[in-house]
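A quick write-up on the structure given underneath.
The values are calculated or read from the model by the stated rules, or taken from the named source; none is laboratory data. Remember, it's a predicted structure, so these values are computed and weren't measured experimentally. Glycine also receives a Cβ, built like all others from the backbone with ideal geometry; neighbour counts cover every protein chain displayed.
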Amino acid sequence: MGTISTETFKRLVLLGTLAEFKDGSYGEKRLHKVVYMALRDAPLKPFTFLRYIFGQYSEDLMETKDQLLSMGHIIAEPIQGHQFGKSGNIYRFSDMEPLLYFQTALSRASFDLKVRLGKAVDTFGYLKEEELIKRMYALPEFLRTEPGEIFFTANLPERIEVKLDEEECDELELSLNPGFIAAAARIAQALDETEIDFTKLKTVNHP
């Protein structure tokens, strides 16, 4: 058993949510509501939600989504008149290759939450936007909440115990660390743009 940080767990949960969609989440509103429905009765609650004009909204989910975009793990593409939404962006994985890695990591971090996310996507992820908002407005906890009021609070500890060894935890932390990803990208760019004169490299003789 190992542990991962709260921020890594939140990024993993959002990636796990997007992995459950067949072709990405059509719009931010849909993403917020699907995640909320998955977390509604879950023991672990990574995100805090408040009442917004279009239903459940999470500021820290938005921040997590922006971090994943900045790291290049996900991309946002404009929606063009789709039945699930007529405006905004489709959020999906930028590369399908790491999808299984993150799904497996989430299963070992919280299998219960992965199952809940899958069920929430199946139940709410493909509703037409109008129907989705209507159902979210009908929830009793939403009806008794004032606009802008927090009605669902995150409860994650500072470190989350997961069924990964310490080496696997370190690897996961690095793969979901914006600072590390940005630094690695700068190094790769510098290597691509800089010509290396191998004639000036020193030869090291090993005994």
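Within the range 1-18, being surrounded by fewer than 22 Cβ atoms within 10 Å (Cβ to Cβ), out of contact with any strand residue (DSSP E or B) (no Cβ under 6 Å at 6 or more places or on another chain) and either more than 22 Å from E166 (Cα to Cα) or of a type in the set (S, T, N, Q) (or both) holds for S5, T6. One residue stands out in the range 154-178 among those that are at pLDDT below 95 and polar (S, T, N, Q): the one that is nearest to H73 (Cα to Cα), namely S175. In the set F93, F49, F54, only one residue is under 14 Å from E20 (Cβ atoms) and in contact (Cβ under 8 Å) with a residue 40 or more places away in the chain; that residue is F93. Selection over the range 143-174 of residues that are of a type outside the set (A, V, I, L, M), closer than 30 Å to R51 by Cβ and under 19 Å from the mean Cα position of the chain (by Cα) gives a count of 5.
Scan the range 152-172 for residues that are part of a loop (DSSP other than H, G, I, E, B) and not polar (S, T, N, Q) and the total you get is 7.
When F49, F111, F102 are checked against the criterion of being out of contact with any helix residue (DSSP H, G or I) (no Cβ under 8 Å at 6 or more places or on another chain) and of a type in the set (F, W, Y), F111 stands alone in meeting it.
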